[in-house]
C-alpha cells in the first residue's frame, strides 16, 4: 500500500514542475538542425574537390609529381583531406588563373604542382595550405 | 540618360573591384554563338516603366521588375528601403535584400550575356548594373533589360529617363563588364529562373527564408524540387523551412526522401532524427542519429548533440 504522505507529495510536485517546465520550452530551443547553408557549402566544396582532383589526375601533372617522388595516392589523399573552406578557396584561385581550353594553362599547371607539394610539406607557397608534416 | 546616378558609390565599388582589372573580357556575343533555341527577337512590352528621378535608378529599376513579378509598388515607396542619400545611389546587396523583403527570389545571374537573353526570352526582365563611363571615373547605373534583337545585335532596356533604350551588344558588354557583370532577376517563388543553377538557387531561396519569408521560401523550394528532384540542398532547404513552419509531418516526409536518396548525408539523417524526436518518436529517431554520428565529418558535433538530446528524452 502506498501511503500518500507529505514527503511523497512534495516529491511528486517537484517532478511535475520539472516536467511542466520542459514542456513549456519552445520546440526550437533544444533543436539541433543542420542549416541549409552547411549543405550548400558542402556541395560546392565537393565540386571544388572534384575539380582539383581532375587537375591533379592529368598526365602532365602526374608525371611532374611522380618525378618528384610524390605518389598519386598521397596527392589524392591530401586533396580529399582539404576542409570544405580550403577546397573552395583553392578552386576559386584556380578559376582566377588564365586557362587555355584543352591544354592545361601554365599557371594552372604550376599552381597544382605547388599546391600538392605544399600540402606534402616540400614547399610553402600558399598561405592556405597546411602541411601534413 | 542619368550620368550621375550612383556616382558616389564609386569609392565603395572600386575597393571591391580592385585587382580584377586584368580579368579577360568575355567572348563577344554574336548571333552564331548564342543558343539556337533563342528567339531572334524579344521585347517584354508588359514590363512597366517608372522614369527615374535624380540619382534614383535603383528604386526605379526595382519597381519595374517587382511590379512585373506581381508586387504593387513604386520607386517612391522603395526609396527608403534601398536608396542611400549620402551616396546618391543603391548598393547591390540592398537591391537583392529589397526583392526578398517583398517575398520574391533575388537570383544573381552568371556573368554571361547569353544568360540575360535567355531570361528575357523566357519572359523575365533582368536588372543590370552598368558603369556608363570608365573605371577611373565610374558612373554607376541600374537599368532593366527587357528585350534584344539578335539580327541587329542590340539589347533593349528601360533605363533612367528613357522608356526604351537600345544599345549595341558591344556597348552593353563594355558598360556591364565594368560592374563585374552584375545582373539580377526578381521572380515569384513558384517560378525557377530559366538559367538558375542548383546551388546558387538554393542559396537565393535560403536567403529569402532568412528574411522571414518562410511561406515564400517553401513555395520556391517546392518549385526547385520539380526542377532538381535529386538535389540534397533543395530537400534539406524544404525540410528546414517546413520544420520552422511547424509542419513536422511534411518535414519528416521531405527528410525521409533526402535520407533515401542520400544515405550518407549527415544533414539529412540528423534533421530527420530531430524532426522525429519533436514528433515524440525518439526510439525511431535514435537509429537515424546514430547513423549520422557514425558518419563523422564536419557536422558530427551537431549530430552528437542531437543524439544526446534524444537519449536524454528516452531516459525520462
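The values are calculated or read from the model by the stated rules, or taken from the named source; none is laboratory data. Being a predicted model, the structure only gives us computed values, none of them experimental. FYI the Cβ positions are ideal-geometry reconstructions off the backbone, even for glycines, and counts take in every protein chain you see.
Odds and ends about this structure:
- Restricting region B:76-104 to residues that are modelled with pLDDT of 85 or more and part of a loop (DSSP other than H, G, I, E, B) leaves a set whose member that is nearest to residue B:214 (Cα to Cα) is B:103.
- Filtered residue count, region B:261-270, keeping only those that are farther than 20 Å from residue B:224 by Cα and part of a helix (DSSP H, G or I): 3
- Being within 14 Å of chain B (Cβ to nearest Cβ), modelled with pLDDT of 75 or more and loosely packed, with under 12 Cβ neighbours inside 10 Å is a property that does not hold for residue A:38.
- Residue within region B:165-173 that is within 22 Å of the chain's Cα centre (by Cα) and surrounded by fewer than 23 Cβ atoms within 10 Å (Cβ to Cβ) present: yes
- Any chance residue B:183 is more than 21 Å from residue B:95 (Cα to Cα), more than 9 Å from chain A (Cβ to nearest Cβ) and buried (at least 17 other Cβ atoms within 10 Å of the Cβ): no
- Total residues in region A:76-131, condition within 14 Å of chain B (Cβ to nearest Cβ), at pLDDT below 70 and outside any helix (DSSP H, G or I): 6
- Looking only at residues in region B:105-143 that are in contact with a strand residue (DSSP E or B) (Cβ under 9 Å, 6 or more places away or on another chain) and in a helix (DSSP H, G or I), the one that is nearest to residue B:180 (Cα to Cα) is B:113.
- Every pair of residues 6+ apart whose Cβ atoms lie under 8 Å, when the first sits in region B:48-63 and is surrounded by fewer than 21 Cβ atoms within 10 Å (Cβ to Cβ) while the second is at pLDDT 90 or above and not in a helix (DSSP H, G or I): B:49/B:158; B:49/B:163; B:51/B:163
- When residues of region B:231-247 are limited to those that are surrounded by fewer than 23 Cβ atoms within 10 Å (Cβ to Cβ) and outside any helix (DSSP H, G or I), the one nearest to the other protein chains (Cβ to nearest Cβ): B:246
- Residue match in region B:248-260 (condition: away from chain A (no Cβ under 13 Å), assigned to a helix (DSSP H, G or I) and under 17 Å from residue B:198 (Cα atoms)): no
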